[in-house]
Structures are given as structure tokens and as C-alpha cells.
Amino acid sequence: MAKYFDVHPENPQRRTIGQVADVVRDGGLIVYPTDSCYALGCRLGDGAGLERIRAIRRLDDRHHFTLVCRDFAQLGQFVRMDNTAFRAIKAATPGSYTFILPASKEAPRRLLHPKRKTVGVRIPEHVAAQALLAELGEPLMSSTLLLPGEEEPLTYGWEIKERLDHVVDAVLDSGDCGLEPTTVVDFSEGAPELVRRGAGDPTPFE
């Protein structure tokens, strides 16, 4: 049965955030809010956690998982960027974007696209997500909470707890955080390629 934590969206209780971080550190799989929609997350390098996410979402090996980072400095440890990508991504973060970039040696191997050796990264503009990332001191390996056969992500914490009670270890509820996933931009070939239009304004990358 999943633990349920309810926090204020603008002023999340530090003690509660610490309890959720402990679940992650202990190898748990969590649901947490972002600036686009709720996401599934596990500890950096947790292979079992990734397989649990794959099972919940019925994902194949081609799926790009995302490293959700606290800030630009942390993001930069896991990817390689040229000057153009650096400036464009820095200007757009934090925000509702996922960027696909060539992975650095620090990126977990199991997160990489099997052929392209790329990884998705993002920095959410959400107070509770930022508080959790700060408490952890490292990124979360993550994927949008979009269940098989459904067109929209789950967005109510109580419903998430009800439906995923036996397959996740904790739900961090900070209220409705939207239905639209991130805008995805691929910088892996140099010039930006808009892969998916979502919550982030795509204009700078068109």
C-alpha cells in the first residue's frame, strides 16, 4: 500500500518532503507533481525502479526516460551541449520542457537510448518538485504518469493513490498540476527539432 503525502503547492512542508525523499533513497517508486503533470520517479541508477515504471506504463526499450534535475548546473553533469544548445536551454529553464541531448559519461547507462546514446533532461518549475530534488541532492529518473490506453495523465492525488496503491510506494500530492506533458525538443543532432508540442511554449525552438 502506497504512503500518501499531501503538501501545499506553494509552501510544501519540509518534513513531509524529507519523508518522500527517504522513500526514494530506500529504493521506492513515487508519484510526484511537476509543472506539466504528475510523474513517476525513482532514485538515480535504480534499475529495479525503471523496470517498475516500464511495467506500469507498458513501455518498450525505445522509450526515453527523463532525468529530472534541480538546476542547470546539475543538468549539465549528465549531457553534452554545444554553445547554441547551452544558451537556448538555459533561457528556457526551469520550465515545462524536456530536452534530448547526447549523454555524458555520468548519465546512467540504462537511461540512454540504446542506439543514439541520448538522454532526456528537464528542470521543472514546480515548488514541491524543486523541494524534493533539493532534499535528494540528485536527479530523479522519471516518466510522465500516463497509463496504458489513456489519453491524459492522472492529475488528482487521491485518484492516483486509489489506482496505483499496490504498484507505487508513495504519492506526493500538491493538488491539480495539469494534464499537458512537456514540450520535447531534440538537440542531439545540433539544431533543435521539435518532437512534441506540450505545456512549454514551442516558439523559441521552431
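Observations on the structure shown:
- Listed peptides 104-112, 179-187, 8-16 by packing density, highest first (mean Cβ within 10 Å): 179-187, 104-112, 8-16
- Those lysines that a straight Cα-Cα span of less than 29 Å connects to Lys115, excepting residues fewer than 8 apart in one chain: Lys90, Lys105
- Normalised contact order of the chain, rounded percent, pairs of Cα under 8 Å and 6 or more residues apart: 33
- Extending 7 Å from Cα along the Cβ direction at Arg110 and again at Glu180 yields two label points whose distance is 3.4 nm.
- FRET efficiency, Ala91 to Glu189 (Cβ-Cβ, R0 22 Å, nearest 0.05): 0.65
- Using the alpha carbons alone, the radius of gyration of the chain stands to its Kirkwood radius in an Rg to Rh ratio of 0.94.
- Considering helices alone, the calculated mean residue ellipticity of the chain at 222 nm is -7500 deg cm²/dmol, with DSSP H runs of length four and up weighted by -39500 (n - 2.57) and normalised per residue.
- Shape class for segment 1-114: oblate, because the ratio a/c of the largest to smallest gyration tensor axis (alpha-carbon atoms, square roots of eigenvalues) is 1.5 or more and b/c is at least a/b.
- Furthest towards positive pole of dipole, Cys177, Pro124, Leu44, structure part segment 32-186, Cβ charges: Leu44
- Computed FRET value (nearest 0.05) for His8 with Arg163, which takes r as the C-beta separation and R₀ as 25 Å: 0.60
- Among the trypsin sites (Lys or Arg not before Pro) in segment 144-198, those located in a DSSP loop and surrounded by at most 15 other Cβ atoms within 10 Å of their own Cβ are Arg197.
- All other residues whose Cβ lies under 15 angstrom from that of Asp26 are scored, Lys and Arg at +1 and Asp and Glu at -1, for a net of -1.
- Sorted ascending by nearby beta carbons within 10 Å, beginning with the fewest, Thr98, Thr203, Thr144 become Thr203, Thr144, Thr98.
- The charge dipole of segment 3-205, taken about its Cα centre with unit charges on the Cβ of Lys, Arg, Asp and Glu (plus for the first two, minus for the last two), comes to roughly 840 debye.
Read-outs: derived from the displayed coordinates by stated rules, not from any lab. Please read these numbers as outputs of a predicted model, since none were measured by experiment. Cβ: placed from backbone, ideal geometry, glycine included. Neighbour counts: every protein chain shown.
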